[in-house]
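Report on the following structure.
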Amino acid sequence: MRAKILAAKSALPGSSPEPTVRAARDALDKATQYSIEQMKEDNHWCGELRSNATITAEYVFLRLSLGLDLTQEARPLIQWLLSQQNSDGSWGIAPHYPGDISTSTEAYFALKILQVPPEHPAMRKACEYIRSVGGVAKVRIFTRFYLAMFGLFPWDAVPELPAELIFMPAWAPINIYKFASWARSTIVPLLIVSHHRPIYPLPPGSAANVIDRVLHFLNGLRLFPTRRYSRRSCITWILDHQEDSGDWAGIFPPMHLGLLALTLEGFQLTDAPVVKALESVERFAWDDQQGRRMQACVSPTWDTILMSIALCDASHPKDSKRLHRAINWIQNRQLTQPYGDWQVYSLKAIPGGFSFEYFNTWYPDVDDTAAAIIAFLKHGTDLTHHNVIRGVLWILGMQNKDGGWGAFDINNDALFLNKIPFSDMDSLCDPSSADVTGRVLEAFGLLFRSPVAQYAGSDLLSQMRAASDRAIEYLAQTQEPDGSWYGRWGCNYIYGTSNVLCGLAYFTKHSNRIPDLTSRAVQWVLSIQNSDGGWGESLQTYRSGSRVGFDHASTASQTGWAVMALLPYLAPSAPAIERGVGYLIQTQSKQEGSGKGASWEESQYTGTGFPNFFYLGYALYAHYFPMMALGRFKSSSFLQPSESEFLSKLFTTFNLKSHAQIYPRIHDETGTPPYGDHGSNPLLRSAVLLAEAS
């Protein structure tokens with residue numbers, strides 16, 4: 001299979017279709033201009049992070065529970081909530097997705113709080129939908145908590161969460177650090193809420209297992225002598241984990257519940273921790289002509305890193321002041337503080353990670369850190385090598401025992417926790433994922449071939465090689481029978497497979513088993529291309545585990561992932577790549593106001609929060625991923641005059657008749673993928689070495 005894939009690189013020098021490459025260059029010029037137009041004044045990017053109606057509904061619940069006026073915000077909140085309703089009266093967890101009982105119940109309740117009358121057509125349809133699928137008895141655990149806080153659901157039907165959980169040591173099979181970071185930062189304040197079981201006043205007019213039954217019988221341990229101390233310990237933990245900005249973990253749920261926990265324990269709205277927390281919540285708001293909604297999180301670091309990579313792939317000048325300032329902005333986000341929950345199980349790891357948000361020093365993540373390393377290496381400035389080395393050291397300290405990497409924690413794989421009464425979303429753990437592991441391999445692979453490697457030293461490079469061996473073994477064990485990889489943080493198999501293929505491309509000489517892994521994966525990507533030349537994948541594949549029976553409309557972001565997956569293994573003139581690039585060129589139609597730049601429209605969500613339960617729509621995914629794909633395609637096409645002339649001379653010198661004769665030699669010698677590195681083509685550099693050696 002490997003020979004077949006390499007043989008596909010058979011186009012003669014300059015035979016890559018020039019009109020397609022010229023059109024790709026034009027598209028990149030417009031995309032680059034759009035990037036510049038979207039840049040914030042302080043040299044970073046942050047697009048809207050869309051989710052579903054629950055976050056905005058829960059913002060309404062929070063304001064009501066704290067006695068804060070909603071009059072001024074009611075109209076734009078109502079406008080946005082109604083705009084998200086499906087034709088059957090439901091609200092889904094993502095656009096183009098079936099209705100969801102919990103999401104619909106929370107949206108309906110929020111609209112009631114906002115004084116939308118029950119006879120309103122949208123409310124009647126919502127009520128009919130909720131009744132038709134079983135009513136509030138069918139809602140998930142978190143929705144039960146929110147309804148119980150307003151007396152609309154019996155607290156006895158909500159799982160008990162004893163505050164004494166805060167005392168469990170790190171070696172215990174169940175303790176707060178066995179939960180994923182997002183669950184942990186939510187559970188601790190929820191321990192306080194669960195103790196108090198509040199019932200907040202409404203505006204005028206508006207099943208347990210054995211362990212849980214025991215806790216209910218014991219009144220949730222509320223009368224135990226440890227309870228007062230456990231509550232104080234929870235509050236101490238909450239205050240310790242609050243950022244100076246007021247945020248908790250950079251996500252909305254712990255910020256919501258953190259505020260409730262503090263006020264239930266006697267804090268006033270005028271106390272500094274509460275004031276700061278309320279300000280942080282408001283920073284999550286997004287207002288435009290659609291109305292007002294709350295983001296579940298904000299993504300400035302992630303967006304800025306990926307946009308910088310896209311600009312580098314597009315051959316944006318390295319000495320560009322804008323790009324340099326963006327790289328400097330990323331540098332300043334590196335977390336070197338001597339604290340973080342990750343240290344509980346990784347005591348020896350050296351701090352150096354990056355977090356996703358503006359304010360989140362407690363929870364750096366491996367994915368952001370690996371992507372930051374890629375951005376620094378592609379930009380190629382000498383001023384970032386210390387950031388790269390420190391990031392690598394932190395990532396090495398976060399590798400799981402199975403060889404992969406999770407997002408925020410090490411060995412966070414106590415999957416039995418997903419069976420406790422509190423969990424009905426299968427999302428309490430943060431085990432290894434193929435997509436994060438693939439990105440780490442891409443970062444390591446770039447570093448091995450970068451001048452920065454000289455700063456790493458032989459010991460660190462040896463550690464990286466050993467870690468890469470373990471990661472490749474993990475990926476070999478987790479490849480699906482059809483050749484794809486599951487995507488934990490992006491939808492779905494296209495995302496996971498793309499990340500892995502981009503990473504493994506740097507290690508083809510490293511392991512004998514890689515050619516078989518990559519060949520099967522490439523064939524899978526080729527097999528799912530749509531008739532319009534693009535690629536797409538429905539969120540429903542998370543639920544079914546299969547692509548069968550669903551409409552998989554092409555999207556810009558998923559097409560970008562697929563094209564990037566193929567470019568290291570196929571010639572740019574391969575029909576699948578040409579058609580994919582053609583799809584991106586033809587669909588670049590989005591413009592903002594009077595701007596001259598252009599981007600891509602995308603209504604489908606292709607980001608993943610919790611598979612099957614919570615999905616994300618990154619506003620900029622449809623921009624920087626297609627931009628990366630087009631940039632790498634352009635760099636692989638050899639149409640720059642000097643490159644074309646060089647290859648012609650090379651073919652004459654060696655009496656070569658096709659790329660099929662030279663690619664295997666270069667590939668075997670270097671294991672180097674053909675797309676650009678620092679804006680140049682490593683394949684050409686390898687060819688130069690071969691020519692000089694002759």
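The values are calculated or read from the model by the stated rules, or taken from the named source; none is laboratory data. The shown structure was predicted, so the numbers you read here are calculated from the model rather than taken from an experiment. All Cβ positions, even for glycine, are placed from backbone atoms using ideal geometry, and neighbour counts span all protein chains on display. These area figures cover heavy atoms from the full protein model, side chains too; ligands, DNA and RNA do not enter into them. Shrake-Rupley method; radii C 1.70, N 1.55, O 1.52, S 1.80 Å.
To keep it simple, each residue is scored yes or no on (1) assigned by the TED database to the domain that holds S194; (2) at pLDDT 95 or above.
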position	(1), (2)
H216	no, no
S230	yes, no
D240	yes, yes
L257	yes, yes
E265	yes, yes
T270	yes, yes
P273	yes, yes
F284	yes, yes
> (1) open to solvent by less than 70 Å² (accessible area, probe 1.4 Å); (2) under 28 Å from the mean Cα position of the chain (by Cα): which one isn't true of H96, the others all being true?
Replying inline: (1)
> Within segment 369-380, is even one residue in a loop (DSSP other than H, G, I, E, B), at pLDDT below 95 and surrounded by fewer than 22 Cβ atoms within 10 Å (Cβ to Cβ)?
Replying inline: yes
>> Tell me the residue from L417, L446 that is open to solvent by less than 10 Å² (accessible area, probe 1.4 Å), at pLDDT below 95 and assigned by the TED database to the domain that holds W524, please.
In response: L417
> Applying the selection to segment 402-442, what residues are within 17 Å of G353 (Cβ to Cβ) and among the hydroxyl-bearing types (S, T, Y)?
Replying inline: S432, S433, T437
>> Is it the case, given these coordinates, that L6 is surrounded by 18 or more Cβ atoms within 10 Å (Cβ to Cβ), modelled with pLDDT of 95 or more and not assigned by the TED database to the domain that holds F150?
In response: no
> Does segment 622-642 contain any residue that is closer than 30 Å to D426 by Cα, modelled with pLDDT of 95 or more and either within 17 Å of the chain's Cα centre (by Cα) or not aromatic (F, W, Y) (or both)?
Replying inline: yes
> Which of the following residues is buried (at least 21 other Cβ atoms within 10 Å of the Cβ) and either not assigned by the TED database to the domain that holds P204 or not in a helix (DSSP H, G or I) (or both): S35, S87?
Replying inline: S35
>> So if I check each of Y618, Y569, Y583, which one is touching a Gly at 6+ places or on another chain (Cβ under 6 Å), farther than 25 Å from S299 by Cα and among the aromatic types (F, W, Y)?
In response: Y583
> Restricting attention to segment 528-562, which residues are acidic (D, E) and at pLDDT 95 or above?
Replying inline: D532, E537
> Among the residues of segment 428-450, is any over 18 Å from N492 (Cα atoms), outside any helix (DSSP H, G or I) and within 21 Å of the chain's Cα centre (by Cα)?
Replying inline: yes
> Among the candidates R470, R488, which residue alone is of a type in the set (K, R), at pLDDT 95 or above and touching a strand residue (DSSP E or B) at 6+ places or on another chain (Cβ under 8 Å)?
Replying inline: R488
> Given the residues R325, R333, which is the only one that is part of a helix (DSSP H, G or I) and basic (K, R)?
Replying inline: R325
> Any idea how many residues of segment 569-617 are of a type in the set (V, I, T) and open to solvent by 10 Å² or more (accessible area, probe 1.4 Å)?
Replying inline: 2
>> I'm trying to understand the selection: among the residues of segment 451-479, which are outside any helix (DSSP H, G or I) and open to solvent by 30 Å² or more (accessible area, probe 1.4 Å)?
In response: P451
>> For segment 381-408, give me the residue count where each residue is open to solvent by 10 Å² or more (accessible area, probe 1.4 Å), assigned to a loop (DSSP other than H, G, I, E, B) and touching a helix residue (DSSP H, G or I) at 6+ places or on another chain (Cβ under 8 Å).
In response: 4
>> Residues that are in contact with a strand residue (DSSP E or B) (Cβ under 6 Å, 6 or more places away or on another chain), open to solvent by 20 Å² or more (accessible area, probe 1.4 Å), modelled with pLDDT of 95 or more and in a loop (DSSP other than H, G, I, E, B): does segment 110-126 have at least one?
In response: no
> Picking from E669, E602, which residue would you name as being at pLDDT 95 or above and among the acidic types (D, E)?
Replying inline: E602
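For every residue, the table says whether it meets (1) of a type outside the set (A, V, I, L, M); (2) touching a Cys at 6+ places or on another chain (Cβ under 9 Å); (3) open to solvent by 10 Å² or more (accessible area, probe 1.4 Å).
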| site | (1), (2), (3) |
| --- | --- |
| A272 | no, no, yes |
| R293 | yes, no, no |
| S320 | yes, no, yes |
| R333 | yes, no, yes |
| Y339 | yes, no, yes |
| I350 | no, no, yes |
> Restricting the search to segment 494-512, which residues are under 15 Å from the mean Cα position of the chain (by Cα) and more than 11 Å from A434 (Cα to Cα)?
Replying inline: I494
